[in-house]
Amino acid sequence: MQNEFTLLLRLALAVVCGAAIGFERSKRQKEAGIRTHIMVTLGAALLVIVSKYGFIDVAGAPGINVDVSRMAANIITGVSFLGAGVIFTRGGYVNGLTTASGIWTTAGVGCAVGAGMYIIGICATLMIIVIQIILHCSLPNPENMPIAEFSFRTEYNIDVVGDVKECMNKLSINTLRLSVKKKKDDTMNIEIIARVPQNISPEKIFDSINERCTVSEFSIKI
């Protein structure tokens with residue numbers, strides 16, 4: 001049986017790998033950060049260690065059938081539910097898929113470290129971090145922009161919608177959904193769900209729209 005000190009080193013290494021992956025995610029203000037990734041790798045490593053060595057005293061005994069791979073296989077199923085928890089929809093659009101897949105892969109890192117495959121676990125950690133950074137910075141992916149919900153009231157005019165869409169295009173805002181509700185006081189309430197570049201402030205959005213129409217009751221949530 002493995003020395004318990006060696007097993008503790010595996011757990012410590014799993015924590016370091018999880019923290020490294022979680023640090024990159026937390027810098028982007030993702031739902032799952034350092035603590036979540038640490039718990040995933042630590043838990044996965046612990047369960048793999050228990051799966052490998054926890055039943056060694058009864059393995060091979062008459063009448064006892066121990067499947068050491070069963071616990072490790074169930075880790076993937078369990079973590080899949082955890083990853084699904086960070087996937088959410090807003091206005092019919094899905095967010096959190098990359099974070100969810102990262103959590104699932106992080107569990108694999110913990111399994112590798114728990115099984116004693118140190119080089120594989122460390123290299124996988126580095127690959128995850130590098131891939132996240134490179135693809136986030138280099139690909140012109142609109143999904144890298146946060147989703148914002150904003151609404152405002154203005155005087156009713158059928159031309160306002162076209163003016164608002166033109167403002168969005170000039171600010172490089174990717175409009176996902178735009179809805180208009182006419183009020184009884186001859187005003188209209190416009191609600192917009194869009195992906196907004198990080199360098200565009202709410203004040204800039206307000207000023208741009210207010211140049212085309214008189215805006216009241218403006219609110220935004222990112």
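Given (1) part of a helix (DSSP H, G or I); (2) modelled with pLDDT of 80 or more, identify the lone condition not met by Gly116.
(1)
Quick one: count up the residues across segment 169-190 that are over 13 Å from Ile209 (Cα atoms) and assigned to a strand (DSSP E or B).
Number of matching residues: 12.
Looking at this structure, is Thr187 farther than 30 Å from Ala20 by Cβ and modelled with pLDDT of 80 or more?
Criteria met by Thr187.
Here are Ile193, Ile158, Ile209: which of them is in contact with a Gly (Cβ under 8 Å, 6 or more places away or on another chain), aliphatic (A, V, I, L, M) and either without any contact (Cβ under 8 Å) to a residue 12 or more places away in the chain or crowded, with 17+ Cβ neighbours inside 10 Å (or both)?
Unique residue meeting the criteria: Ile193.
Tell me, please, whether a residue that is open to solvent by less than 20 Å² (accessible area, probe 1.4 Å), over 17 Å from Pro146 (Cα atoms) and in contact with a Ser or Thr (Cβ under 9 Å, 6 or more places away or on another chain) can be found in segment 168-177.
No, every residue in segment 168-177 fails to be open to solvent by less than 20 Å² (accessible area, probe 1.4 Å), over 17 Å from Pro146 (Cα atoms) and in contact with a Ser or Thr (Cβ under 9 Å, 6 or more places away or on another chain).
Note down all Cβ pairs under 6 Å where the first residue falls in segment 28-44 and is at negative phi and of a type in the set (D, E, K, R), the second is assigned to a loop (DSSP other than H, G, I, E, B) and modelled with pLDDT under 80, and they're at least six residues apart or on different chains.
Every condition considered, the pairs that remain are Glu31/Val86.
Does Val215 fit the bill of being surrounded by 13 or more Cβ atoms within 10 Å (Cβ to Cβ), more than 27 Å from the chain's Cα centre (by Cα) and touching a residue at least 12 places away in the same chain (Cβ under 8 Å)?
When the stated conditions are applied, Val215 passes them.
Could you pull out the residue among Glu217, Glu203, Glu166, Glu143 that is at pLDDT below 80 and part of a helix (DSSP H, G or I)?
On inspection, the qualifying residue turns out to be Glu143.
Quick check on my filter: what residues within segment 185-204 are within 14 Å of Val161 (Cα to Cα), among the β-branched types (Val, Ile, Thr) and touching a helix residue (DSSP H, G or I) at 6+ places or on another chain (Cβ under 9 Å)?
Residues satisfying the conditions are Ile190, Ile192.
The values are calculated or read from the model by the stated rules, or taken from the named source; none is laboratory data. Small disclaimer: the values here were computed from a predicted structure and weren't measured. Glycine gets a Cβ as well: all are built from the backbone with ideal geometry, and neighbour counts include every protein chain shown. For accessibility, only protein heavy atoms count, side chains too; no ligands or nucleic acids. Shrake-Rupley method; radii C 1.70, N 1.55, O 1.52, S 1.80 Å.
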